C-alpha cells in the first residue's frame, strides 16, 4: 500500500495496489498489518456508507468527541469527492489548518483521519458513494459539527453546496470550543 503524508501530521493518504487483467482489477483495501506498517494502529469497529446524488453535496465538518472520538479511513467507491480533514486539537502547531485529498472510484485513494480532526467532503460527481471505517461506534450524544465555510477551505464549489440542516446550522469555527487537545502541548 502506497503511503503519502499530507500537510497535517497523522493524516495520511493511502493508495492500495490494484492488480488488473482483462476482467478488471482486484485490490486489498484494508489490512491491519499494512496499516500498522504505516503507523496506523487503531481498531475499526464500524463501517459507514453514504450516497450523495448531486454534485456539490457537502457533508461536514463533523466530529465525535470523547469518550467516543473517532479515527476514520475514508474511500470513495463510486464517483469522486474532495475529502477534507481539519486539525481541531487545541495546542497543536497546525490547529485550524486543513488538507484536502481527491478520492475517487478511479484513483482508489483513501484518507486516514485520526481522532481530534474535523472531517467533511464535497461530491464532485453525481451519485457519489463514500465508505469509511470508524474506530468508535456512533454516539449521538458526542456528535457535533462545525460550519463548513468558516475555516477558509477551498471546496472548489461553483455555487452554493447542498447541505443538511445540521451542517447549515453548525457553529462557526471561531465560536466553537474544541473538545480535543494536542498531546504535545506545553
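Evaluate region 164-172: report whether one residue or more is surrounded by fewer than 12 Cβ atoms within 10 Å (Cβ to Cβ) and at pLDDT below 95. Looking through region 164-172, none of the residues is surrounded by fewer than 12 Cβ atoms within 10 Å (Cβ to Cβ) and at pLDDT below 95. None of 43, 21, 34 is surrounded by 12 or more Cβ atoms within 10 Å (Cβ to Cβ) and more than 22 Å from residue 129 (Cβ to Cβ) except 34.
Please give the strands (runs of 3 or more DSSP E) falling wholly within region 4-61 in which 2 or more residues are over 16 Å from residue 99 (Cα atoms) and either touching a residue at least 24 places away in the same chain (Cβ under 8 Å) or over 19 Å from the mean Cα position of the chain (by Cα) (or both). Walk me through how you get there before you give the answer.
On the way: elements: 12-15, 18-21, 24-27, 46-52.
Because the criterion is at least 2 residues that are over 16 Å from residue 99 (Cα atoms) and either touching a residue at least 24 places away in the same chain (Cβ under 8 Å) or over 19 Å from the mean Cα position of the chain (by Cα) (or both), the strands (runs of 3 or more DSSP E) in region 4-61 that meet it are 18-21, 24-27, 46-52.
Screening the candidates 69, 13 for the property of being touching a helix residue (DSSP H, G or I) at 6+ places or on another chain (Cβ under 8 Å) and surrounded by 14 or more Cβ atoms within 10 Å (Cβ to Cβ) yields one hit, 69. Scanning region 68-93 for residues that are in contact (Cβ under 8 Å) with a residue 60 or more places away in the chain and under 19 Å from residue 155 (Cα atoms) yields 82, 84, 85, 86, 87, 88.
Within region 109-150, being in a loop (DSSP other than H, G, I, E, B), in contact with a strand residue (DSSP E or B) (Cβ under 6 Å, 6 or more places away or on another chain) and either farther than 16 Å from residue 52 by Cβ or modelled with pLDDT under 95 (or both) holds for 109, 116, 137, 146.
From the set of residues in region 97-108 that are assigned to a loop (DSSP other than H, G, I, E, B) and under 15 Å from the mean Cα position of the chain (by Cα), which is surrounded by the most Cβ atoms within 10 Å (Cβ to Cβ)?
Pass one, region 97-108, residues assigned to a loop (DSSP other than H, G, I, E, B): 97, 105-108.
Among the residues that remain, those that are also under 15 Å from the mean Cα position of the chain (by Cα) are: 97, 108.
Working: 97: 14, 108: 19.
Here the residue is 108.
The values are calculated or read from the model by the stated rules, or taken from the named source; none is laboratory data. A quick note: this is a predicted structure, and the numbers were derived from the prediction, not measured. Reconstructed Cβ throughout: ideal geometry from the backbone, glycine too, with neighbour counts over all protein chains shown.
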